[in-house]
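Structure, as structure tokens:
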Amino acid sequence: MNNGLQAALELHQAGDLASAERAYRQILQDVPTDANALHLLGLNLHEQGRSQEGLVLVKQAVDLKPSVGVLHNSLGVLQMALGDLQSAESSFRKAASLDSGCVEAKRNLAAISERLRPASAQQEAAAPLRTQRESTELEEKIRRYLAANPHNANAYVQLAQMLKSRGEQQPAIEMLTEAVRRFPGNRELRSLLGEALGNLGRHEEAEAVFTKLAEELPGDAMAHTNLGVSQLAQDRLPEASASLEQACRLDPQHFRAHFLSGVAKRKAGNVDQAETSLCQALKLNPDFHEARLELAFVQKSRGDYEACARLLQEILKMAPCHAPALLELATCCEMLGDVEQLVQACVNALQTDPKFAPAHLLLGMILSARLAPEVRAKLDLEEREELGEKALRHLSAAASFAPSAEAFDAWGRALIQLGRHAEALEKVQEAIRRQPDFAHAHEALGRIFLEQGAVDQACASFSRAIEIDPLRTLSQYELARSGKTQDKPQAIRQIQALLQQDPLSLQDQVFLNFALGVLFDAVQDYDSAFEHYQIANRLKNEDPRKRSREGDREGVRKSDWDRTLALKETFHSSFFGERPQLVGSESDLPIFIVGMPRSGTTLVEQILSSHPEVCGAGELMDITDLTLSMPRRLGVDVRYPQAVEKLDGVLVKEMAESYLGQLRSRSSAAKRVTDKMPTNFRHLGFVAMLFPRAHIINVRRDSRDVCISCFRQNLDWPYCDLEACARYYRQYLRLMSHWKEATPLKILDIQYEELVADPDRVSRQLVEFCGLPWDDSCLRFHASNRAVQTPSKWQVRQPVYHSSVGAWKRYQKHLGPLEEVLADRG
């Protein structure tokens, strides 16, 4: 028997419903398609008064095992409890047709048919109470009958099934056990007991019952099938295969026996034989979704994700709301990089059932994934805001129609992406309330605390996530970066052991190698640290979803040069003199903090935003949004920067006001608002059109420290390639030199090393440049509680530190190629 399910069941039977729920969910986290766990968790939630949640899970169990009568009966019980009498009648009818021995289903069908007779509104409102009263009255009648007629086997069965339907599982088993004790020769009762034990996860006991029945009835295919099921549930694959093959020989038309035989063979690794058995099951019953789903698993085990997806789509064509098929399709589409196929399947499901929570959840997750920085950079503001609202609508619907920890966690993560941390905190805490051992949610909680500056709480959340699941690799990485790991050698050994586990996703390998790099840095083993940074960045470059962004190295070199050249040619030295009318606004509200990533822009913003008259807005996408929106605004197929030639004064003013509106939405009272998107250095020509009086702060740092610091972070290309990063740095220097000559902007150069060495003097210089009076709070920037969503979020919560100056020297022996590119004046 599956030990995890047995333990969960024991908790359930002991009445510890909360602990049982957690145990069932842990099983489903590992095996989302475990029909027994889904069924039992659904009944568990029903017993807790959460019938709507339970209904969703029992539906999934039915989709996985549509030919098991007891599942349809349980589905009917929950539908009846929720007042959906028409659906309940259909479920009871299906249960009775599948299992002629299911007395409970027949009795429920008779009761529901009686209730479906025309009734007054008052009678209908009283239906749930009447159902409970009728059940209690019927139980009392059966017990009185049994007291007078203790030798009636059917009465025992009826009482046991009634108790099961009310979620009183252990008393129901006891009724069947008593019936078998009184009537040891009654094979129907023994079979029912075996099935009941199996349905409740007590597979060893079920096997003992069915072994005796198979010995007594060697020619009965059903007895051998049931024996095989109990053996299969315990992962005793050779015995299960033998029993199920015997059932197939005894009854070649028994499609379920062929199906189960295929399952046993697939689990044993015999995929070709499994395919043969499953195809036979489908030949006998072409509408058998469970067999088609299992056949999809066979194709997945072969690595043929396209064939797997085709089979899943066949199921979804016939049953658009088949949750297991839809969820498995999500995995397939991720491997194939074909998210649109999944989107269409979700849309089809919602057209069938607008309240189908799994489709809402998947659509919300797909849309929120498009809010990730590397994707949203391709969208303008209007597109991004629309995308965010759509994602939240779907995730809200998922949490409303089928409240679950997974739905609230996904909702919270989408809110994190949108920078709405207070709302995100509420949703993620709800996820944890519903499932306290949900590692994914604890990790999300850590992200929220970290970005809000609650460092100790962030560390506690990441630690809890790792305690629950050591392979929460983002948590491993963030905890390593916190610097608060007490026993670093032990942490190194633990992560090295995790890297030996197979299989690990590419992303997991990246996070773990970065974590090792950080930890080896902490123990001053810089060669080992650099080795792991190299591995992590090489893996990032191998990611097929990101590889196209790097491409051929020479092609990238030319592309970098072409982009820089296009900007310089567009915003040439006489551009602004020839276009005095192209002024968006005379506002001095914006402060643009630019430079290379890891140059110190976050530190500069944190100092300025600590001033009472300054609001720190963080890394805004808005300037990039405006450049991307130019073709749409102009109605032409010309992109930035060439599209600038077609702008007029009205449109420039409109874009300037749009940007100012975004800044004012952060703070209506601030005299200055900072935008510290470092790569805005590419757009300073455009910024000069919009805001000629803007304050521009250019943060510079030793080029070797910049490049190696980028390399040590989990950043995308070009920063994950030292030579590409060096080339990018050179283009940055060229552009900044050009902007100083070609634009009317006043640009203050700040050297990071000077800021660290003399923060008082340089901070005063920054504040004065921005036209503000000095305030001592600027030197207490590390005490600020504003949210920070950058790779520097750990460091900004600390006072100025000097260890990062000259850090490149630790890795000098590895930096020959980097220094060559930086020294190249070509």
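Normalised by the number of residues in region 470-548, what is the relative contact order in percent for Cα pairs under 8 Å and 6+ residues apart?
That works out to 32 percent.
Roughly what angle does helix 473-482 make with the longest principal axis of the chain, taking Cα atoms, 0 to 90 degrees, to the nearest 10?
With rounding to tens, the tilt is 40 degrees.
Kindly provide the helix-only [θ] at 222 nm of the chain, computed as the sum of -39,500 (n - 2.57) over DSSP H runs of four or more divided by all residues, to the nearest 500 deg cm²/dmol?
-21000 deg cm²/dmol
Excluding residues on the same chain fewer than 8 positions from Lys317, give the lysines whose Cα lies under 29 Å from its Cα.
Once the sequence-local lysines are set aside, what remains near Lys317 is Lys59, Lys65, Lys94, Lys265, Lys267, Lys283, Lys300, Lys355, Lys390.
Taking a ≥ b ≥ c as the square roots of the Cα gyration tensor eigenvalues, with a/c under 1.5 meaning rounded and otherwise prolate when a/b beats b/c, else oblate, which class fits region 21-63?
Verdict is oblate for region 21-63.
Rounding to the nearest 10 and keeping the result within 0 to 90°, find how far the Cα-based axis of helix 455-468 lies from the longest principal axis of the chain.
Approximately 30 degrees, to the nearest ten.
Please list 3J(HN,Hα) in residue order for region 726-736, calculated via the Karplus relation 6.51 cos²θ - 1.76 cosθ + 1.60 where θ = phi - 60°; whole Hz, with x for glycine and proline.
Here the 3J(HN,Hα) series is 5, 5, 5, 4, 5, 5, 4, 4, 4, 5, 4 Hz.
For the residues Phe449, Phe438, what sequence is obtained by ranking on other C-beta atoms within 10 Å, fewest first?
Lowest count first: Phe449, Phe438.
Give the Debye-formula value of log10 I(q)/I(0) at each listed q (0.20, 0.21, 0.23 Å⁻¹), with one equal scatterer per alpha carbon of region 3-115, two decimals each.
Here log10 of I(q) over I(0) equals -1.00, -1.07, -1.19.
Compute the long axis of helix 103-115 from its Cα atoms, compare it with the longest principal axis of the Cα atoms of the chain, and write down the angle in degrees, 0 to 90, nearest 10.
It is inclined by approximately 80 degrees.
Rank Leu163, Ser703, Ser574 by how far each Cα sits towards the positive end of the charge dipole of the chain (+1 on Lys, Arg Cβ; -1 on Asp, Glu Cβ) and give me just the farthest.
After comparing all options, I get Ser574.
Which one of Ser599, Ala330, Asn186 is farthest out on the positive end of the charge dipole of the chain, using unit charges on Cβ (Lys, Arg +1; Asp, Glu -1) and the Cα centre as origin?
So the residue we want is Ser599.
Assign unit charges at the C-beta atoms only (+1 for Lys and Arg, -1 for Asp and Glu), then state the dipole size of the chain relative to its Cα centre in Debye, rounded to the nearest 20.
With only Lys, Arg, Asp and Glu charged at Cβ, the dipole is about 680 debye.
Name the trypsin sites (Lys or Arg not before Pro) in region 27-108 that are in a loop by DSSP and that have at most 16 other C-beta atoms within 10 Å, would you?
Of the trypsin sites (Lys or Arg not before Pro), the ones in loops of region 27-108 whose Cβ has at most 16 other Cβ atoms within 10 Å are Arg50.
Can you list residues whose amide H is under 5 Å from Ile750's amide H, if they're 5+ apart or on another chain and H is modeled 1.01 Å from N?
Those lying under 5 Å, H to H, from Ile750 are Asn698, Val699, Arg700.
By counting other Cβ atoms within 10 Å of each Cβ, how are Tyr533, Tyr732, Tyr526 ranked from fewest to most?
Sorted ascending by nearby Cβ count, the order is Tyr526, Tyr732, Tyr533.
With charges only on Cβ, +1 for K and R and -1 for D and E, what is the dipole size of region 605-671 about its Cα centre, in debye, rounded to 20?
120 debye
With +1 on the Cβ of every Lys and Arg and -1 on the Cβ of every Asp and Glu, and nothing else charged, how large is the dipole of region 470-548 about its Cα centre, in debye rounded to the nearest 20?
280 debye
Within region 553-823, how many Lys pairs that are eight or more residues apart, or on different chains, come under 22 Å at the alpha-carbon?
Lysine pairs meeting both conditions in region 553-823 amount to 10.
For the chain, what relative contact order do you get, as a whole percent, if you take Cα pairs closer than 8 Å and at least 6 residues apart?
Once divided by the residue count of the chain, the mean separation gives 7 percent.
Can you bin every Cα-Cα distance in the chain into 20 Å intervals starting at zero and give me the percent of pairs per bin, rounded to whole numbers?
Once binned at 20 Å, the Cα pair distances of the chain give 13, 39, 28, 16, 4, 0.
Throughout, read-outs are computed from the coordinates displayed, never taken from laboratory work. Keep in mind that this is a model prediction, so the values were computed, not measured. Quick reminder, even Gly has a Cβ in these numbers, built from the backbone with ideal geometry, and neighbours come from all protein chains shown.
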